[in-house]
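Peer 1: The following block contains the structure, expressed as structure tokens.
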Amino acid sequence: MAPSPRAESQEASLPLDENRMFKPVNIALLTVSDTRGIDNDTSGDILAERIVSAGHTIVDRAILRDDTTLIIARLQKWIDDDNIDVIISTGGTGLTGRDVTPEALDRVKTKDIPGFGELFRWLSFASIGTSTIQSRACAVLAGGTYVFALPGSNGAVKDGWDQILVHQLDSRHRPCNFVELMPRLREI
């Protein structure tokens with residue numbers, strides 16, 4: 001079932017508040033794959049292009065194999081870096097034994113952001129139907145850093161960025177967005 005016309009028109013009717021200043025965010029991009037390298041990381045390339053086109057900065061980019069220890073170490077390094085606001089990963093969110101990205105996020109998280117995965121799967125249903133149930137797309141807050149895990153397919157990366165992240169990482173998006181919360185994420 002495709003998203004309802006009402007849902008589509010509702011998103012379209014939520015304009016950017018042009019009275020607010022755009023605040024670019026610093027993003028680290030991680031591809032998790034046993035088969036991808038810099039020459040064939042198509043989903044990472046798609047995401048990188050969209051991030052830059054939206055006005056944000058990619059401060060680091062890496063490709064790691066599906067290994068929980070390696071992923072946790074890289075995530076922790078980026079979480080500890082005050083220059084990184086957001087981490088977006090692609091890959092490793094499926095159901096096979098090698099898919100371990102959500103488990104790595106569980107080990108570094110401060111809080112879950114359950115609505116991200118729920119919304120991703122709801123939107124993805126319009127593209128791939130019930131196959132979306134195999135996605136473990138998820139998001140967490142780790143320290144004061146947002147961490148989003150998208151599936152590794154080109155379509156999933158486009159859906160996740162174009163329908164969710166481009167809006168929530170735009171400080172002008174109304175009625176609210178992730179950027180406006182950044183100054184308060186480390187509150188106790």
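Peer 1: Can you work out which of the residues in segment 111-138 that are over 15 Å from GLN168 (Cβ atoms) and touching a Pro at 6+ places or on another chain (Cβ under 6 Å) is surrounded by the most Cβ atoms within 10 Å (Cβ to Cβ)?
Peer 2: SER135
Peer 1: Can you name every residue in segment 23-36 that is loosely packed, with under 15 Cβ neighbours inside 10 Å and either of a type in the set (A, V, I, L, M, F, W, C) or free of Cβ contacts under 8 Å to residues at least 12 places away in the same chain (or both)?
Peer 2: THR35
Peer 1: Which residues, taken from segment 165-188, are of a type outside the set (Ser, Thr, Tyr), over 20 Å from LEU150 (Cβ atoms) and part of a loop (DSSP other than H, G, I, E, B)?
Peer 2: Selection gives ARG172, ARG174, PRO175, CYS176, LEU185, ARG186, GLU187, ILE188.
Peer 1: In addition: Out of all the residues in segment 93-121, which are within 19 Å of ASP41 (Cβ to Cβ) and either aliphatic (A, V, I, L, M) or within 13 Å of the chain's Cα centre (by Cα) (or both)?
Peer 2: THR93, VAL100, THR101, ALA104
Peer 1: Is it true that ILE63 is of a type outside the set (S, T, N, Q), surrounded by 15 or more Cβ atoms within 10 Å (Cβ to Cβ), touching a Ser or Thr at 6+ places or on another chain (Cβ under 9 Å) and without any contact (Cβ under 8 Å) to a residue 40 or more places away in the chain?
Peer 2: yes
Peer 1: Now for a separate question. Report yes if LEU141 is closer than 26 Å to ILE84 by Cβ, in a strand (DSSP E or B) and either modelled with pLDDT of 95 or more or not acidic (Asp, Glu) (or both), otherwise no.
Peer 2: When the stated conditions are applied, LEU141 passes them.
Peer 1: Mind counting the residues in segment 80-92 that are closer than 11 Å to VAL32 by Cα and without any contact (Cβ under 8 Å) to a residue 60 or more places away in the chain?
Peer 2: Residues in segment 80-92 being closer than 11 Å to VAL32 by Cα and without any contact (Cβ under 8 Å) to a residue 60 or more places away in the chain: 0 in total.
Peer 1: Of the conditions (1) in a helix (DSSP H, G or I); (2) in contact with an Asp or Glu (Cβ under 8 Å, 6 or more places away or on another chain); (3) farther than 18 Å from ALA28 by Cα, THR130 satisfies every one except a single condition; which number is it?
Peer 2: (2)
Peer 1: Give me the pairs, please: first residue somewhere in segment 37-54 and farther than 15 Å from LEU169 by Cα, second residue anywhere and of a type in the set (S, T, N, Q) and part of a loop (DSSP other than H, G, I, E, B), beta-carbon distance under 8 Å, and either six or more positions apart or on two chains.
Peer 2: ASP41/SER33; SER43/SER153
The values are calculated or read from the model by the stated rules, or taken from the named source; none is laboratory data. Small disclaimer: the values here were computed from a predicted structure and weren't measured. When we count neighbours, we look across all protein chains shown, and the Cβ atoms used for this are built from the backbone with ideal geometry, even at glycine.
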